[in-house]
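Please read the structure below before turning to the comments.
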Amino acid sequence: MLKRKAMKVSDIVKKLGLTVYSGVSGIHKEVTGGYVSDLLSDVMGHAKEGQVWCTLQTHKNVMAIASLKDLAAVILVKGYQPDDDMAAQSEVEGVPVLGTKENTFEIAGKLYDLLK
Amino acid sequence: MMHFEFDIEGGDFSKAGFASSQLKRILKQLVTDHKVVKKTVVALYEAEVNVVAHAYSGKVIIDIDTDKIQIKVNDKGPGIEDIEQAMEEGYSTASEQVREMGFGAGMGLANIKNNSDEFNITSEVGVGTQLEIIAYLEII
Ligand SMILES: Nc1ncnc2c1ncn2[C@@H]1O[C@H](COP(=O)(O)OP(=O)(O)O)[C@@H](O)[C@H]1O
Ligand SMILES: [Mg+2]
């Protein structure tokens, strides 16, 4: 079987035309998959290390969860921007906060295509 | 072997997760079994959030031994009348404001149970709630 080349956060930023809001120090992290949810306990219970989390939640607690779960990055959908304390926490944790104008369905579909 | 305590303030979501991120930092240096670290921080995070979302104040007490991690989370708060119902996935009394933040899915206690080796909960209405979370470490 052909092994796909490892995809990094920087690769998905380029390929999906994402905005990088914060946490640039984590841009070379490897991406193993994606997870879509706006329920924090759902992410806490089911997301896996290395996944990119698509959400419309823009507060600081998102970064606590992303960091505890060793997620690769967070993508904010529909043009949402991180609250100041979310962006600051993303710098502290070194987990990038990215953004897109697209909605969750569209960006998750493209991400799936890239990673499958 | 090691003992840590953290205070939790009810209602202050900006500090929710502080004890769990500290615990993660500590365990990463002590424990080689990453699965145990991951599970345990998930359990503690949910317990912390419950104090912030549902109680007035609380204390986290962590004891790390060579063969296990024991965490107690004791709060002063309204307590839980029906623990069995509270444990049901999807049951939540969280406020609208808390739900808008993405908390209050009613999955927290289930997450704690699923991510601990032993989980005990006791509660007294009008007084507070006590959790005990135990994770066993594999010593090779
Ligand atoms: N520390 C606590 N003090 C008082 N009530 C609690 C506490 N923890 C949980 N509960 C009650 O149990 C319910 C379920 O908790 P949980 O499964 O964590 O879901 P959620 O926090 O999302 O509501 C809560 O909505 C609340 O009614
Ligand atoms: Mg909860």
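Only the coordinates and a few stated rules stand behind these numbers; no lab work does. Note that the coordinates shown come from a computational prediction; the quantities given were computed from them, not determined experimentally. Here the Cβ is made from the backbone with ideal geometry for all residues, glycine too, and neighbour counts use every protein chain on show.
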For this session: Considering only A:Gly45, A:Gly17, A:Gly26, give the residue with the highest GNM mean-square fluctuation for chain A, with springs between Cα atoms whenever their separation is below 10 Å.
Result: A:Gly45
Exercise. For A:Ala6 and B:Lys35, what does the FRET efficiency come to when R0 = 30 Å and r is the distance between their Cβ atoms, rounded to the nearest 0.05?
Worked result: 0.85
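Pick out, in residue order, every one of the trypsin sites (Lys or Arg not before Pro) in region A:64-111 that is DSSP loop and has at most 13 other C-beta atoms within 10 Å; say none if there are none.
Numbers: sites: A:Lys69, A:Lys78, A:Lys101, A:Lys110; in loops: A:Lys69, A:Lys78, A:Lys101.
Answer in residue order: A:Lys78, A:Lys101.
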Exercise. Each residue of region A:41-51 in turn: what ³J(HN,Hα) in whole Hz from Karplus with 6.51, -1.76, 1.60 and θ = phi - 60°, glycine and Pro shown as x?
Worked result: 5, 5, 5, 4, x, 10, 5, 10, 3, x, 7
For this session: Give the angle, between 0 and 90 degrees and rounded to the nearest 10, that separates the Cα long axis of helix B:18-30 from the longest principal axis of the Cα atoms of chain B.
Result: 10 degrees
For this session: Report the label-to-label distance for B:Glu89 and B:Asp63 in nanometres (one decimal), using points 7 Å from each Cα along the Cα→Cβ vector.
Result: 3.3 nm
For this session: Could you check which residue among B:Val36, B:Val125, B:Val51 shows the biggest mean-square fluctuation in a GNM of chain B with a 10 Å Cα cutoff?
Result: B:Val125
Seminar exercise, completed: Given unit charges at Cβ for Lys, Arg (+) and Asp, Glu (-), the dipole magnitude of region B:32-99 about its Cα centre in debye, nearest 20, is 320 debye
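For a footprinting-style exposure proxy, rank B:Asp7, A:Asp38, B:Asp75 by other Cβ within 10 Å, fewest first.
On the way: B:Asp7 12, A:Asp38 18, B:Asp75 25.
Listing B:Asp7, A:Asp38, B:Asp75 from fewest to most nearby Cβ atoms yields B:Asp7, A:Asp38, B:Asp75.
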Problem set entry | Extreme residue, positive dipole direction of region A:76-116, given options A:Leu114, A:Pro96, A:Pro82 (C-beta unit charges) | A:Leu114
Exercise. Using the alpha-carbon atoms, what tilt in degrees (0 to 90, nearest 10) does helix B:34-54 show relative to the longest principal axis of chain B?
Worked result: 30 degrees
Problem set entry | Backbone HN-Hα couplings from phi across region A:22-28 [Karplus 6.51/-1.76/1.60, Hz, Gly and Pro as x] | 6, x, 4, 4, x, 5, 9
For this session: Return B:Phe4, B:Phe18 ranked ascending by Cβ neighbour count within 10 Å, so the fewest neighbours appear first.
Result: B:Phe4, B:Phe18
Seminar exercise, completed: Sorting B:Leu137, B:Ser20, B:Val31 by the position of each Cα along the dipole of chain B (Lys, Arg +1; Asp, Glu -1; all at Cβ), the one nearest the positive end of that ordering is B:Val31
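So if I place +1 on the C-beta of Lys and Arg and -1 on the C-beta of Asp and Glu, and nothing else carries charge, what would the dipole magnitude of region A:2-116 be about its Cα centre? I want it in debye, nearest 20.
Working: 14 positive and 14 negative charges, 133 e Å.
In total the dipole reaches around 640 debye.
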Seminar exercise, completed: Per GNM of chain B with C-alpha springs under 10 angstrom, the most fluctuating residue out of B:Ser95, B:Ser116, B:Ser21 is B:Ser95
For this session: Place a +1 charge on the Cβ of each Lys and Arg in the protein assembly as shown and a -1 charge on the Cβ of each Asp and Glu, then give the dipole magnitude about the Cα centre in debye, rounded to the nearest 20.
Result: 1520 debye
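Of B:Lys15/B:Lys38; A:Lys29/B:Lys72; A:Lys60/B:Lys113; A:Lys116/B:Lys28; A:Lys14/B:Lys35; A:Lys15/B:Lys38, which pairs sit farther than 27 Å apart, going by alpha carbon to alpha carbon?
On the way: B:Lys15/B:Lys38 20 Å; A:Lys29/B:Lys72 34 Å; A:Lys60/B:Lys113 25 Å; A:Lys116/B:Lys28 31 Å; A:Lys14/B:Lys35 32 Å; A:Lys15/B:Lys38 31 Å.
Pairs exceeding 27 Å: A:Lys29/B:Lys72; A:Lys116/B:Lys28; A:Lys14/B:Lys35; A:Lys15/B:Lys38.
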For this session: Please report A:Ser67, A:Ser25 as a ranked list, fewest other C-beta atoms within 10 angstrom at the top and most at the bottom.
Result: A:Ser25, A:Ser67
For this session: Starting from the Cα of A:Lys69, draw a straight line to each of the aspartates and glutamates and keep only those under 20 Å, dropping any in the same chain fewer than 8 residues away.
Result: A:Glu30, A:Asp38, A:Asp42, A:Glu49, A:Asp85, A:Glu91, A:Glu93, B:Asp33, B:Glu46, B:Glu48, B:Asp117
Problem set entry | Residues with amide H under 5 Å from that of B:Leu137, placed H, sequence gap 5 or more | B:Lys68, B:Ile69
Problem set entry | Backbone HN-Hα couplings from phi across region B:109-114 [Karplus 6.51/-1.76/1.60, Hz, Gly and Pro as x] | 5, 5, 4, 5, 4, 5
Exercise. Label points 7 Å out from Cα along the Cβ direction at A:Ala88 and A:Glu49: separation in nm?
Worked result: 3.0 nm
